[in-house]
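So the structure is just underneath, and the comments pick up after that.
The values are calculated or read from the model by the stated rules, or taken from the named source; none is laboratory data. From a predicted model like this one, the values you see are computed outputs, not experimental measurements. Methodologically, a virtual Cβ is constructed for each residue, glycine included, from the backbone with ideal geometry; neighbour enumeration extends over all protein chains shown. These accessible areas exclude ligands, DNA and RNA; they are computed on the full protein's heavy atoms, side chains included. Shrake-Rupley method; radii C 1.70, N 1.55, O 1.52, S 1.80 Å.
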Amino acid sequence: MLLNRQIIFLYVTLAVSVGYLVTALSLGSPIAEGTLTPAFFPILVGGAAILFCSILIVQALRAAPETGPADEVRSYAHVWVVVAIFFYILAFKPLGYFLSSGLFVFALILLFSKFEKMVLKAIISAVIVGVAFVMFQQLFGVRLPTQWG
Amino acid sequence: MDFIFLVFSSFSLLADPVNFTYVVLGFVIGTIFAAIPGLTATLAMALLLPLTYSLSVETALMACASIYMAGMCGGSITAITINIPGAPSSMMTALDGYPMQQQGKGALALGHAALGSMIGGAVGAVLLIALAPFVAQLSLLVKTTGKFSLLAFALIVVVIAQRGRIPQAGLAACIGLMLATVGLDAMEPITRFTYGYSSLTAGIDLMPVIIGTFAIAEVLTQASARTDISAAAAAADNVKIRRRDFLPPLSDIRKIGFGCYFKSCLIGYFVGTLPGAGGSMGSFLAYTETVRTSDEPETFGKGNPKGIAASESANNAVCGGAMVPMLTFGIPGDPITAIMLGVLVINGIQPGPQLMADQAGLIAPMLAALLFSALVLIPLTLWLIGPYFIRIVSVRKDVLYAVIALLAVVGSYVATYSTFQMFMALGMGVLAFYLRRNGFPVITMLLGYILGPNLEEFLRRSLALSNGDPTTFFTNPDSLFFVGLTLVFVYFLVIRKPAKTPAVV
């Protein structure tokens, strides 16, 4: 399973590298009038990335397929953390720092623990958000978005 | 000599309450982060990076120096007491520290670790203060072609230092270089790889790259792994440490010997000057050298304080060494110096050969703070809060990672007051998470990103100056020197197949 995930990652990286190289080639000729153009270096880097990707894919395909333990439990908590951060950023300005951060911290505490003692966790979230606000806004002079402007 | 006086006169800045508070606070935060398994001082510095906007450059750099020093010695606390190194650089310390703990001599092992860290940190800082001005003078001799060869040397060494995963390191470096090419070209008014997004015209900012790579990726890794530290927390609860046991007896120090401390310091310092090597490599080499030259090698791994002294002296001496290429050439030796470089860049200071000559006044306080941290804060922290530090392991992980995530995301907003940077930090975090998960060293990506713009610029300038003749890299003495040096490293690290060493970062 791990090997499959790794190969998928390498294929995605290869696709990105090819896309990068194609974009670099579209910038024009790498050498013009005896000097290097802005396309030269990206073409070099894109080519090298494709080479390294190809080596790694061949290595991964040649390697004996690894099978993980049958009872291996796959955790997707990291995906939920990414989702939480994404929506937090979306809500940051419209909802303001306090509401968006409160919900975000509460969600993360739940993701890293169990669905129990919710009131205590809500209080801890509020305290964290308040302390962080004082630290950013009062101590370091950073203006954070709030509902009151 | 002027620079040495400048550094020593900078100690007066520590009398300023603001500077003193940040240096002490930085040291305590660095120690806490280094002591908690899974967290590192690099993460602490990444989280605190946005705050440097509101500090003076001197204060920010002084705080960075104390975090760096704390990060190297803080990991030994859990390495010795519960056999879980808080930081990779303390891996070798656990080999002899934990057996001492099992023999009821845990506090003594912590004392030896602190003494080794103190000596290593101080020797590294003194060597840095003494040698950096000379290296800076030498670096002025390096011209455009030499600069390209030097940067290429740094990048190649970082890649080939990742034994057993060189293609992964090469690909990670390429990804970093790709990120570096986004935005306006350095020499011609052409935008590249912006795909119509005007926010990308100025390129990808350093802040979200660092926060994403070290903070958000760490939160994702912890969420994915869900490391169960309940056993470690329970073990920590059973550890009893008394202050009076910290002091290593003179007979122990004599048995370890001045030679062992000094040799380990030199190994750590010179390993530190190599790009990408870092504290774990330094302590590993010093430890193996100490075992090799010992009259009683069979006692190592069973609680020999000499092993702790060698490991801790070396990893703290790395701090001084790693700053040499960062200050003189703008090449960071490890992730922490990469973030320090970020502090300089954020404040509009260009690291490189001219830095030591033109802005020595900004750098000197940082070196004073490094020496102060080694000589004063390491023993003082151990004495004052050493008996309680082990309780750090028991901290609630759900609250801890929620706080880290909040500081990371809001911190990336601080730079431009734009949510775009927050999304960039998230994107970089996801990228770094998947790179780490698949065995790619993120330090090579970071170095590719940091060195990329200069690498390209010097390549194009060199070839423009030589009318497109690539032999210019072999005919200019400064460039030829670095080409030769690269070949030497390739020979020793790739062709000669040396003994297996721990993977770096």
request  = Examine the range B:276-291 for a residue that is farther than 19 Å from B:PRO332 by Cα, at pLDDT 85 or above, touching a Cys at 6+ places or on another chain (Cβ under 8 Å) and open to solvent by less than 10 Å² (accessible area, probe 1.4 Å), and state whether such a residue exists.
outcome  = yes
remark   = By residue number, the members of the range B:422-454 that are facing chain A (nearest Cβ under 8 Å) and among the aliphatic types (A, V, I, L, M) are B:MET422, B:LEU426, B:VAL430
request  = Scan the range B:165-193 for residues that are open to solvent by less than 20 Å² (accessible area, probe 1.4 Å) and hydroxyl-bearing (Ser, Thr, Tyr) and jot them down.
outcome  = B:THR181
note = Pairing a residue in the range A:22-33 that is facing another protein chain (nearest Cβ under 9 Å) and touching a residue at least 12 places away in the same chain (Cβ under 8 Å) with any residue that is open to solvent by less than 70 Å² (accessible area, probe 1.4 Å) and of a type in the set (S, T, N, Q), where Cβ atoms lie under 9 Å and the two sit 6 or more apart in sequence or on different chains, gives A:ALA24/B:THR181; A:LEU27/A:THR37
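Each row is one residue, and each column tells you yes or no for (1) among the small types (Gly, Ala, Ser); (2) touching a residue at least 40 places away in the same chain (Cβ under 8 Å); (3) farther than 19 Å from B:ILE211 by Cα; (4) surrounded by 23 or more Cβ atoms within 10 Å (Cβ to Cβ).
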{"residue": "B:TYR53", "(1), (2), (3), (4)": "no, yes, no, no"}
{"residue": "B:VAL57", "(1), (2), (3), (4)": "no, yes, yes, no"}
{"residue": "B:ALA63", "(1), (2), (3), (4)": "yes, yes, no, yes"}
{"residue": "B:ALA70", "(1), (2), (3), (4)": "yes, yes, yes, yes"}
{"residue": "B:ALA79", "(1), (2), (3), (4)": "yes, no, yes, yes"}
{"residue": "B:ALA87", "(1), (2), (3), (4)": "yes, yes, no, yes"}
request  = Scan the range B:466-488 residue by residue and report those that are open to solvent by 50 Å² or more (accessible area, probe 1.4 Å) and facing another protein chain (nearest Cβ under 10 Å).
outcome  = B:ASN467, B:ASP469
request  = Within the range B:253-272, count every residue that is open to solvent by 40 Å² or more (accessible area, probe 1.4 Å) and not hydrophobic (A, V, I, L, M, F, W, C).
outcome  = 4
Index of the failed condition, B:LYS147 passing every other in (1) surrounded by fewer than 21 Cβ atoms within 10 Å (Cβ to Cβ); (2) away from every other protein chain (no Cβ under 13 Å) = (1)
ask   = Do you know which residues across the range B:1-48 are more than 30 Å from B:ALA405 (Cβ to Cβ), among the aromatic types (Phe, Trp, Tyr) and open to solvent by 30 Å² or more (accessible area, probe 1.4 Å)?
value = B:PHE5, B:PHE8, B:PHE11, B:PHE20
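Would you pick out the residues in the range A:15-34 that are assigned to a helix (DSSP H, G or I) and not polar (S, T, N, Q)? Walk me through how you get there before you give the answer.
Keep residues of the range A:15-34 that are assigned to a helix (DSSP H, G or I), which gives A:15-26.
Within the range A:15-34, A:ALA15, A:VAL16, A:VAL18, A:GLY19, A:TYR20, A:LEU21, A:VAL22, A:ALA24, A:LEU25 qualify.
Can you tell me which residue is farthest from the other protein chains (Cβ to nearest Cβ) among those in the range B:395-416 that are among the β-branched types (Val, Ile, Thr) and within 21 Å of A:ARG143 (Cα to Cα)? Lay out the reasoning, then the answer.
In the first step, residues of the range B:395-416 are kept if they are among the β-branched types (Val, Ile, Thr); the result is B:395, B:399, B:403-404, B:409-410, B:414, B:416.
Filter once more, so that each one left must be within 21 Å of A:ARG143 (Cα to Cα): B:403-404, B:409-410, B:414, B:416.
Working: B:VAL403: 6, B:ILE404: 9, B:VAL409: 6, B:VAL410: 6, B:VAL414: 5, B:THR416: 12 Å.
Per the criteria, the residue is B:THR416.
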ask   = Is it true that some residue in the range A:130-148 is part of a loop (DSSP other than H, G, I, E, B), touching a helix residue (DSSP H, G or I) at 6+ places or on another chain (Cβ under 8 Å) and away from every other protein chain (no Cβ under 11 Å)?
value = yes
ask   = When you scan the range A:104-115, how many residues do you find that are over 14 Å from B:LEU407 (Cβ atoms) and within 11 Å of chain B (Cβ to nearest Cβ)?
value = 8
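Can you confirm whether B:ARG436 is open to solvent by 10 Å² or more (accessible area, probe 1.4 Å), over 19 Å from the mean Cα position of the chain (by Cα) and of a type in the set (Lys, Arg)?
It is false that B:ARG436 is open to solvent by 10 Å² or more (accessible area, probe 1.4 Å), over 19 Å from the mean Cα position of the chain (by Cα) and of a type in the set (Lys, Arg).
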inquiry  = Condition first: at pLDDT below 75 and surrounded by fewer than 17 Cβ atoms within 10 Å (Cβ to Cβ). Now tell me which residues in the range B:240-252 satisfy that.
reply    = B:LYS240, B:ARG242, B:ARG243, B:ARG244
task = For the range B:247-274, name all the residues that are part of a helix (DSSP H, G or I) and closer than 17 Å to B:PRO297 by Cβ.
result = B:LYS255, B:ILE256, B:GLY259, B:CYS260, B:LYS263, B:SER264
inquiry  = Looking at the range A:79-101, I want the residues that are at the interface with chain B (Cβ under 7 Å from one of its Cβ atoms) and have a partner that is outside any helix (DSSP H, G or I) with Cβ atoms under 8 Å, at least 6 apart or on another chain. Which pairs are those?
reply    = A:PHE92/A:PRO145; A:LYS93/A:PRO145
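Would you point out which residue out of B:ALA202, B:ALA161 is open to solvent by less than 20 Å² (accessible area, probe 1.4 Å), more than 9 Å from every other protein chain (Cβ to nearest Cβ), in contact (Cβ under 8 Å) with a residue 12 or more places away in the chain and not acidic (Asp, Glu)?
Criteria check complete, one pass: B:ALA161.
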key: Some residue of the range A:14-25 being over 17 Å from B:TYR195 (Cα atoms) and among the polar types (S, T, N, Q)   = no
key: Neighbours by Cβ (under 7 Å, 6+ apart or cross-chain): first from the range B:398-418, under 13 Å from B:GLY212 (Cβ atoms); second buried (at least 24 other Cβ atoms within 10 Å of the Cβ) and small (Gly, Ala, Ser)   = B:ILE404/B:ALA215; B:ALA408/B:ALA215; B:ALA408/B:ALA425; B:VAL409/B:ALA425; B:SER412/B:ALA425
key: Breaking point among (1) in contact with a Ser or Thr (Cβ under 6 Å, 6 or more places away or on another chain); (2) open to solvent by 10 Å² or more (accessible area, probe 1.4 Å); (3) closer than 20 Å to B:MET207 by Cβ, for B:ASN454   = (1)
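Pull up the range A:31-59, narrow it to residues that are at pLDDT below 90 and open to solvent by less than 70 Å² (accessible area, probe 1.4 Å), then point me to the one that is farthest from the chain's Cα centre (by Cα). Break it down into steps so the answer makes sense when it comes.
From the range A:31-59, those at pLDDT below 90 are A:31-36; that's our starting set.
Remaining after also requiring open to solvent by less than 70 Å² (accessible area, probe 1.4 Å): A:32, A:34-36.
Details: A:ALA32: 38, A:GLY34: 41, A:THR35: 37, A:LEU36: 34 Å.
Among them, the one singled out is A:GLY34.
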remark   = In the range B:186-199, anything free of Cβ contacts under 8 Å to residues at least 24 places away in the same chain and assigned to a loop (DSSP other than H, G, I, E, B) is listed as B:GLU188, B:PRO189, B:ILE190, B:PHE193, B:THR194, B:TYR195, B:GLY196, B:TYR197
query = Applying the selection to the range A:77-136, what residues are within 17 Å of B:GLU218 (Cα to Cα) and exposed (fewer than 14 other Cβ atoms within 10 Å of the Cβ)?
reply = A:VAL79, A:VAL83
inquiry  = Take residues that are under 30 Å from B:ALA202 (Cα atoms) and of a type outside the set (A, V, I, L, M) and tell me which of the helices (runs of 4 or more DSSP H) falling wholly in the range B:334-442 contain 3 or more.
reply    = B:335-346, B:353-358, B:397-414, B:419-437
